[in-house]
Amino acid sequence: MDPKWVEKLQKREDLARTLNGSATPRDVYGCLGNVVWQSYIMNCPMCFLPATLSFIRRLASATLKEVGSWDIPGPVPPSVSSELKERLHLIEENEWESSVLRTTRTVWSDASSTAWGAIAEAEPKEVAACDAFEGADAERHIYLKELYAALQALRLAKQCGWKNVQIKMMNDNLPVVHSVRKGHSANYMGNILLQHMFVIAKDQNYSLCPQWVPTNEQRADGLTRGKSIGSQMRATIVSTPRMASLRSHPRP
């Protein structure tokens, strides 16, 4: 981080403290810009921001409605301040910055209209997993299915016991690659899937390195189209909850 920013950097919990007891609607709205600015400076995945910013906007609107002026303090219940503090802490603990990682591991993920597949290049045998999309998940857009497959690939990496490594995430869907690189999706469910990815990455100290590959070079493609897992791979099962059951702002 540029040293000149350090002096300006205010801890996020200080923002929550300014809302203890009472605050003007103007002060509450001021938190929006501070949170966005600090998240940019601290290099945080943006997928954790929308719900927090929405919470701040709702609080500011409710305060303005109650007091009728931008500059008259209104009450801020302790429960509201505590929730904001928790949301800000979650953003802070999911910074992208990791320790120096020299070991690189590779995972492959792919999805079709009916199934997903993932491969982890483990030793001595590679590990693979695949499953069909069921219920509402079967009707979702292919972008979400591909993003879900990428999440399963990270879960596969965690199951392999990998820690403190750079993960090359090979995917043939360019929007998914861009979303993981940015740490943000324009889609609500996409952001939830990204949140779960970055929680795993934080917990295992992964540095995520998504890379696009053409479909004809996608090693996980066959797993999504009924091809059996070969003898050179070890089949496994990873936790595959339906997308609708995934909770926003997950914990490790």
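Can you tell me how the stretch 135-252 classifies by the Cα gyration tensor, rounded, prolate or oblate, using a/c under 1.5 as the rounded cut? Show your work: numbers first, answer last.
On the way: a/c = 1.31, a/b = 1.13, b/c = 1.16.
Here the stretch 135-252 falls in the rounded category.
Among rounded, prolate and oblate, which fits the stretch 109-197 when a ≥ b ≥ c are the square roots of the eigenvalues of its C-alpha gyration tensor, a/c under 1.5 means rounded, and a/b larger than b/c means prolate?
Working: a/c = 2.04, a/b = 1.31, b/c = 1.56.
Here the stretch 109-197 falls in the oblate category.
Tell me which residues come under 5 Å, amide H to amide H, from Ala23 once H is placed; ignore anything under 5 positions away on its chain.
Amide H neighbours of Ala23, under 5 Å, 5+ apart: Gly74, Val76.
Quick one: accessible area per residue over the stretch 151-252, 1.4 Å probe, rounded to a whole number of Å²?
Details: 4920 Å² over 102 residues.
Heavy-atom SASA per residue in the stretch 151-252 reads 48 Å².
At a 1.4 Å probe, what is the % contribution of carbon and sulfur to the accessible area of the stretch 114-191? Let's see the in-between values first.
On the way: 1640 of 3270 Å².
Roughly 50 percent, rounded to a whole number.
With each label point set 7 Å from Cα along the Cα-Cβ vector, what nm distance links Leu32 and Glu139?
3.4 nm
Could you tell me which of the pairs Lys145/Lys182; Lys65/Lys182; Lys125/Lys182; Lys85/Lys168; Lys163/Lys227 are separated by over 27 angstrom between their Cα atoms in the structure shown? Each step should come with its number before you reach the end.
On the way: Lys145/Lys182 18 Å; Lys65/Lys182 36 Å; Lys125/Lys182 32 Å; Lys85/Lys168 33 Å; Lys163/Lys227 30 Å.
With Cα atoms farther than 27 Å apart: Lys65/Lys182; Lys125/Lys182; Lys85/Lys168; Lys163/Lys227.
The values are calculated or read from the model by the stated rules, or taken from the named source; none is laboratory data. These numbers were taken from a predicted model, which means no experiment stands behind them. Neighbour counts are summed over all protein chains in view; Cβ atoms, including those assigned to glycine, are modelled from backbone coordinates with ideal geometry. For the accessible areas, the whole protein counts, side chains as well, though only heavy atoms, and no ligand, DNA or RNA atoms are used. Shrake-Rupley method; radii C 1.70, N 1.55, O 1.52, S 1.80 Å.
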